[in-house]
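The values are calculated or read from the model by the stated rules, or taken from the named source; none is laboratory data. All figures in this text were calculated on a predicted structure; none of them were measured in a lab. Here the Cβ is made from the backbone with ideal geometry for all residues, glycine too, and neighbour counts use every protein chain on show.
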Amino acid sequence: MTALGLHRFQFAFTITYHYLFPQLTMGLALVLVVLKALAHYRRDPDYDVAARFWTRLLGVAFVMGVVTGIPMEFQFGTNWSRFSRIAGGVIGQTLAMEGVFAFFLESSVLYLVLFQEERLGPRRHFLATAALCTGTWLSGFFITCTNAFMQHPQGFVQDAEGVLHLTSFSALLLNPWARIEYAHTMVGASITGAFTVAAVGAFYLLQERHVPVARKMLGAAVVMGAVASLAAAFPTGDAQAKAVHEYQPESFAAMEGHFHTERGAAMTLVGQPNVEEQRIDNPIQIPRLLSFLTHQRWNTEIKGLTEFPRERWPDNIALLYYAYHIMAGLGSLFIGLMGAASMLLYLGKLFQLRPLLWALMLAFPLPFIANTAGWLTAELGRQPWLVRDVLRTSAGSSENVSSGSTLFSLLGFMGLYAMLSLLFFLIVNKLLQRGPVAKEGA
Amino acid sequence: MANVWFWLLAVVLAVYAVLDGFDFGVGMLHFVVAKSQAERGTLLRSIGPVWDGNEVWLIAAGGTLFGAFPALYATAFSGFYLPLMIVLWLLLFRALGIELRHHSDSPLWHELWDVAFSGSSLLLALFFGAALGNLVRGLPLDEKGDFFEPLWTNFRVGDRTGILDWYTLLVGVTATAALALHGALWLNWKTTGELVERARLWAHRLWLAVLALTVITTIASVIVQPQLLRNVTRLPIGAILPLFAFAGLALARLSLRAAPRRAFFGSAAFVLGLILSAAYAMFPYALAARVPGRELSIAQAAAQPATLSGMLAWWLPGMALAIAYSLLIYSRMPKTFTTEGEEH
């Protein structure tokens with residue numbers, strides 16, 4: 001692999017692994033707020049027991065997020081120094097904001113949430129939990145703004161040497177792409193939180209352990225999961241797809257596997273993109289649906305990939321197409337599963353229906369896959385640009401760092417992260433074995 | 001405006017060194033001050049509520065550096081590629097050491113994470129010290145303004161420098177000793193019983209070592225980089241910074257027994273004063289070069305003035321909030337940590 005390829009692979013690997021944890025942290029933080037609010041309004045201490053249990057798990061996920069997150073901030077400089085030099089005046093702002101506004105808040109209130117429940121009392125502990133949730137969601141906002149600048153740069157000028165200068169802080173933070181991407185991302189994180197909590201609730205019910213608490217967490221989680229899964233498709237997913245169509249038409253065509261411009265374009269559900277011959281092999285398609293979803297009219301024209309010059313095509317069309325279809329497919333599955341579970345909860349049959357409990361328990365990895373696939377779609381769709389229409393990926397890496405050094409660090413990260421995974425499962429397993437027990441010393 | 005940011009960044013880095021510095025110090029003394037696993041648990045509890053917040057100062061410094069000095073961030077981070085990767089991995093082990101230990105009651109598990117915590121703390125102090133040494137000594141910047149340093153070359157301070165040479169190692173050892181002292185003074189303030197006795201004993205020993213090493217390092221710095229004295233000869237008021245540092249060190253010694261809190265603040269002033277002295281000596285360069293004329297000046301490294309002033313408008317209130325959160329936690333954490341009553 002070339003030095004550039006290794007720089008790309010290392011960033012992709014470390015950020016993909018990293019994001020497994022923040023999506024869980026952000027999702028669980030919201031679940032905690034919901035559980036604690038339910039404890040208060042329903043005057044039911046079981047919700048508090050559930051909240052305490054998930055707080056401990058959130059603590060572990062938070063640590064994993066921190067230790068895998070610091071390398072992300074460093075890698076802009078270490079592996080992408082030309083990009084940093086050119087764009088740092090802009091994206092350095094949002095990255096610094098994340099540290100200043102989100103991380104200080106999170107690290108402080110996490111201690112209060114984890115260890116000072118009794119000293120704070122219920123009301124102030126709820127506020128601390130809400131502050132923790134705010135911190136994690138703020139962090140997501142600033143990172144999404146950073147990414148949105150790369151996807152759809154706003155509020156900058158480029159000088160003669162190619163360096164970008166920020167002209168408007170509000171354009172950077174209120175970038176229309178950022179708004180849509182943030183909403184879609186946070187809904188995705190909420191799905192992860194809901195599925196994780198539902199899976200553990202289902203696990204305890206299937207084992208007939210901690211039944212009262214497990215029912216509470218499962219009930220809250222499936223409702224939250226159903227709402228979030230619907231919101232992932234509409235309005236956020238719909239808005240995201242339209243934004244890609246409007247601002248990145250090549251990426252839109254590639255991710256849909258739409259090679260040739262046509263009126264009344266069909267939507268491909270399944271099929272293999274054949275980039276050489278520019279068609280989808282063995283497709284299952286719904287006629288005219290792509291035109292309808294994009295423009296709300298059955299007969300409008302959708303531009304195909306061949307409409308655009310080759311050097312603007314994303315460089316891995318097949319992976320982009322598959323990532324998008326995996327995300328969308330799983331998203332549809334989530335609506336079905338959580339919708340059915342919520343319906344049965346309403347009918348009072350959810351807790352006895354073992355097949356569905358099994359499905360809910362086994363489904364927990366799927367949102368992680370869907371979120372990962374979604375980010376793959378976004379980032380592969382941005383290629384071949386680092387900052388769209390401004391800076392190509394090939395012009396952003398560190399030229400003074402050799403491929404050997406990068407391979408060394410990449411292998412190091414792989415080994416360490418393999419170890420982290422083992423430790424994480426070991427500790428989660430311990431927490432699961434102990435379960436949500438009522439009396440818990442701080 | 002760029003100069004304002006240079007000083008803000010220097011202060012953030014110095015505060016990081018002061019805050020995470022005592023975490024490192026506690027880590028280094030983990031096996032010598034605490035003799036039993038229960039005592040080691042106490043040491044960890046004494047930094048447990050704050051270490052993560054302390055580390056955030058590093059992340060904030062990184063973000064601030066990126067936003068205010070993109071060219072410096074790009075050059076320094078890519079040039080220091082290998083040591084930075086190692087620092088990242090050490091930070092990972094340090095965090096795991098602190099956070100995973102209490103998840104099991106197995107003594108073996110505790111031992112594992114004690115070693116991870118202690119060893120990574122020691123190496124981190126050494127590497128951060130060596131990094132400071134590199135900045136003071138000057139970097140092998142090329143015509144394009146880039147550099148890449150291997151971990152070491154021949155340990156001489158020549159044209160083909162590595163991260164580690166005799167000088168940067170000396171700075172690293174000095175930093176290690178200074179932070180160990182700082183950690184000992186934290187424990188001297190925050191623990192009780194035998195722990196505090198041993199912490200004080202180590203503070204005594206380390207104090208002499210720190211004094212000697214600081215004097216030697218200061219002399220060596222001037223030999224290695226004669227330019228260091230240019231600012232203080234031009235504008236002698238800057239000499240107040242090293243004087244402040246040494247006053248802090250003296251205070252640490254004088255208050256060691258009678259006023260542990262004041263002694264800790266003394267060593268905090270020492271660490272703060274030393275780093276700001278180094279910043280004063282480097283000014284107006286962001287990166288000193290081995291080959292004269294290739295320096296990266298603060299002005300060259302900075303983002304444009306409009307960005308810098310806009311950044312100030314959100315950064316100052318944001319940091320005020322951050323300080324408020326930190327103060328809240330420091331005020332809410334227990335005043336002292338005792339080993340009695342710990343179950344093991």
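When you check B:LEU96 against the structure, is it free of Cβ contacts under 8 Å to residues at least 24 places away in the same chain, part of a helix (DSSP H, G or I) and not polar (S, T, N, Q), yes or no? It is true that B:LEU96 is free of Cβ contacts under 8 Å to residues at least 24 places away in the same chain, part of a helix (DSSP H, G or I) and not polar (S, T, N, Q).
Residues that are surrounded by fewer than 23 Cβ atoms within 10 Å (Cβ to Cβ), closer than 30 Å to A:GLN285 by Cα, touching a Gly at 6+ places or on another chain (Cβ under 6 Å) and aromatic (Phe, Trp, Tyr) do occur in region A:249-261. Selection of region B:111-151 for residues being of a type in the set (S, T, N, Q) and closer than 16 Å to B:PRO83 by Cα yields B:SER120, B:SER121, B:ASN134.
Residues in region B:73-92 that are more than 7 Å from every other protein chain (Cβ to nearest Cβ), of a type outside the set (Val, Ile, Thr) and under 15 Å from B:ASP20 (Cα atoms): B:LEU90 only. In the condition set (1) closer than 30 Å to B:SER36 by Cβ; (2) facing another protein chain (nearest Cβ under 10 Å), B:VAL271 is compliant with all but (2). Once region B:253-291 is narrowed to residues that are free of Cβ contacts under 8 Å to residues at least 60 places away in the same chain and part of a helix (DSSP H, G or I), the residue that is surrounded by the most Cβ atoms within 10 Å (Cβ to Cβ) is B:SER277.
Can we say B:LEU90 is under 16 Å from the mean Cα position of the chain (by Cα) and within 16 Å of A:LEU95 (Cα to Cα)?
no
Is there a residue being under 23 Å from the mean Cα position of the chain (by Cα), within 12 Å of another protein chain (Cβ to nearest Cβ) and in a helix (DSSP H, G or I) anywhere in region A:388-411? Checked region A:388-411: at least one residue is under 23 Å from the mean Cα position of the chain (by Cα), within 12 Å of another protein chain (Cβ to nearest Cβ) and in a helix (DSSP H, G or I).
Go through A:ILE302, A:ILE326, A:ILE280, A:ILE317 for me and flag whichever is without any contact (Cβ under 8 Å) to a residue 40 or more places away in the chain and either over 26 Å from A:PRO384 (Cα atoms) or among the hydrophobic types (A, V, I, L, M, F, W, C) (or both).
Working: A:ILE302 fails: without any contact (Cβ under 8 Å) to a residue 40 or more places away in the chain; A:ILE326 fails: without any contact (Cβ under 8 Å) to a residue 40 or more places away in the chain; A:ILE317 fails: without any contact (Cβ under 8 Å) to a residue 40 or more places away in the chain.
The conditions single out A:ILE280.
Can you spot a residue in region A:351-362 that is over 30 Å from B:ASP105 (Cβ atoms), under 21 Å from the mean Cα position of the chain (by Cα) and away from chain B (no Cβ under 14 Å)? Talk me through it step by step, then tell me what you get.
Applying the first criterion (over 30 Å from B:ASP105 (Cβ atoms)) to region A:351-362 yields A:351-360, A:362.
Within this subset, residues satisfying the condition of being under 21 Å from the mean Cα position of the chain (by Cα) are A:360, A:362.
Right, trim to away from chain B (no Cβ under 14 Å) and you get A:360, A:362.
Yes, region A:351-362 has at least one match.
Table: residues versus (1) under 25 Å from B:PHE155 (Cβ atoms); (2) at pLDDT below 95; (3) in contact with a strand residue (DSSP E or B) (Cβ under 6 Å, 6 or more places away or on another chain); (4) not in a helix (DSSP H, G or I).
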| position | (1), (2), (3), (4) |
| --- | --- |
| B:LEU213 | yes, no, no, no |
| B:VAL222 | yes, yes, no, no |
| B:THR233 | no, yes, no, no |
| B:ALA247 | no, no, no, no |
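Taking the criterion of being among the aliphatic types (A, V, I, L, M), in contact (Cβ under 8 Å) with a residue 12 or more places away in the chain and facing chain B (nearest Cβ under 10 Å), the residues of region A:412-427 that qualify are A:LEU420, A:ILE427. Residues in region A:111-127 that are within 13 Å of another protein chain (Cβ to nearest Cβ) and surrounded by fewer than 19 Cβ atoms within 10 Å (Cβ to Cβ): A:PHE115, A:GLU118, A:ARG119, A:LEU120, A:ARG124, A:LEU127. Do the conditions hold for A:HIS165, that is, is it assigned to a strand (DSSP E or B) and either closer than 30 Å to A:MET267 by Cα or touching a Ser or Thr at 6+ places or on another chain (Cβ under 8 Å) (or both)? When the stated conditions are applied, A:HIS165 passes them. Within region B:292-344, the set of residues being under 30 Å from B:THR191 (Cβ atoms), surrounded by 14 or more Cβ atoms within 10 Å (Cβ to Cβ) and hydrophobic (A, V, I, L, M, F, W, C) comprises B:ALA322, B:LEU328, B:ILE329, B:MET333, B:PHE337. Please find, among A:PHE21, A:PHE53, the residue that is touching a residue at least 24 places away in the same chain (Cβ under 8 Å) and more than 14 Å from every other protein chain (Cβ to nearest Cβ). Exactly one of A:PHE21, A:PHE53 is touching a residue at least 24 places away in the same chain (Cβ under 8 Å) and more than 14 Å from every other protein chain (Cβ to nearest Cβ), namely A:PHE53.
Yes or no, residue by residue, for (1) within 14 Å of chain A (Cβ to nearest Cβ); (2) closer than 21 Å to A:ASN79 by Cβ:
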{"position": "B:LEU96", "(1), (2)": "yes, no"}
{"position": "B:ASP105", "(1), (2)": "yes, no"}
{"position": "B:GLU111", "(1), (2)": "no, no"}
{"position": "B:SER121", "(1), (2)": "no, no"}
{"position": "B:ALA131", "(1), (2)": "yes, yes"}
{"position": "B:VAL136", "(1), (2)": "no, no"}
{"position": "B:LYS144", "(1), (2)": "yes, yes"}
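Residues checked against (1) touching a Cys at 6+ places or on another chain (Cβ under 9 Å); (2) under 20 Å from A:MET186 (Cα atoms); (3) at pLDDT below 95:
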site: A:TYR346; (1), (2), (3): no, no, no
site: A:ARG354; (1), (2), (3): no, no, no
site: A:LEU376; (1), (2), (3): no, yes, no
site: A:GLN383; (1), (2), (3): no, no, yes
site: A:SER403; (1), (2), (3): no, no, yes
site: A:THR406; (1), (2), (3): no, no, no
site: A:SER409; (1), (2), (3): no, no, no
site: A:ALA418; (1), (2), (3): no, no, no
site: A:LEU423; (1), (2), (3): no, no, no
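For region B:300-312, what are the residues that are of a type outside the set (Val, Ile, Thr) and either closer than 9 Å to B:ALA286 by Cβ or within 8 Å of chain A (Cβ to nearest Cβ) (or both)? Within region B:300-312, B:GLN300, B:ALA301, B:ALA302, B:ALA303, B:GLN304, B:ALA306, B:GLY310, B:MET311 meet the criteria. Please verify whether A:GLU208 is closer than 30 Å to B:ALA306 by Cα, surrounded by fewer than 21 Cβ atoms within 10 Å (Cβ to Cβ) and without any contact (Cβ under 8 Å) to a residue 60 or more places away in the chain, treating the condition exactly as stated. It is false that A:GLU208 is closer than 30 Å to B:ALA306 by Cα, surrounded by fewer than 21 Cβ atoms within 10 Å (Cβ to Cβ) and without any contact (Cβ under 8 Å) to a residue 60 or more places away in the chain.
Remark: pairs (first residue in region A:81-101, more than 15 Å from B:LEU312 (Cα to Cα) and more than 7 Å from chain B (Cβ to nearest Cβ); second residue part of a helix (DSSP H, G or I) and of a type in the set (S, T, N, Q); Cβ separation under 8 Å; 6+ apart in sequence or on different chains) = A:ILE91/A:THR146.
Going through region A:1-21 one residue at a time, which ones are assigned to a helix (DSSP H, G or I), over 15 Å from the mean Cα position of the chain (by Cα) and either of a type in the set (Gly, Ala, Ser) or under 17 Å from A:GLY404 (Cβ atoms) (or both)? Talk me through it step by step, then tell me what you get.
Our first condition is that a residue be assigned to a helix (DSSP H, G or I); within region A:1-21, this holds for A:3-21.
Keeping just the survivors that are over 15 Å from the mean Cα position of the chain (by Cα) gives A:3-11.
Within region A:1-21, A:ALA3, A:LEU4, A:GLY5, A:LEU6, A:HIS7, A:ARG8, A:PHE9, A:GLN10 meet the criteria.
Tell me which residues, restricted to region B:44-72, are buried (at least 24 other Cβ atoms within 10 Å of the Cβ), facing chain A (nearest Cβ under 8 Å) and farther than 26 Å from A:LEU105 by Cβ. Passing the criteria: none in range.
Contact annotation: residue pairs with Cβ atoms under 9 Å, 6 or more positions apart or on different chains, pairing a residue in region B:31-48 that is under 19 Å from B:ILE329 (Cβ atoms) with a partner that is crowded, with 20+ Cβ neighbours inside 10 Å and of a type in the set (Asp, Glu), are B:LEU44/B:ASP114; B:ILE47/B:ASP23; B:GLY48/B:GLU99.
Tell me whether region B:110-125 contains one or more residues that are acidic (Asp, Glu) and surrounded by 20 or more Cβ atoms within 10 Å (Cβ to Cβ). Within region B:110-125 (the criterion being acidic (Asp, Glu) and surrounded by 20 or more Cβ atoms within 10 Å (Cβ to Cβ)), the answer is yes, since at least one residue qualifies.
State whether the residues of region A:63-81 include one that is within 18 Å of A:GLY155 (Cα to Cα) and more than 20 Å from the chain's Cα centre (by Cα). No; the residues of region A:63-81 include none that is within 18 Å of A:GLY155 (Cα to Cα) and more than 20 Å from the chain's Cα centre (by Cα). Residue pairs whose Cβ atoms lie under 8 Å apart, sitting 6 or more positions apart in sequence or on different chains, and linking a residue in region A:398-411 that is more than 16 Å from B:ASP146 (Cβ to Cβ) to a partner that is of a type in the set (Phe, Trp, Tyr), are A:SER409/B:TYR81; A:LEU410/A:PHE9; A:LEU410/A:PHE13.
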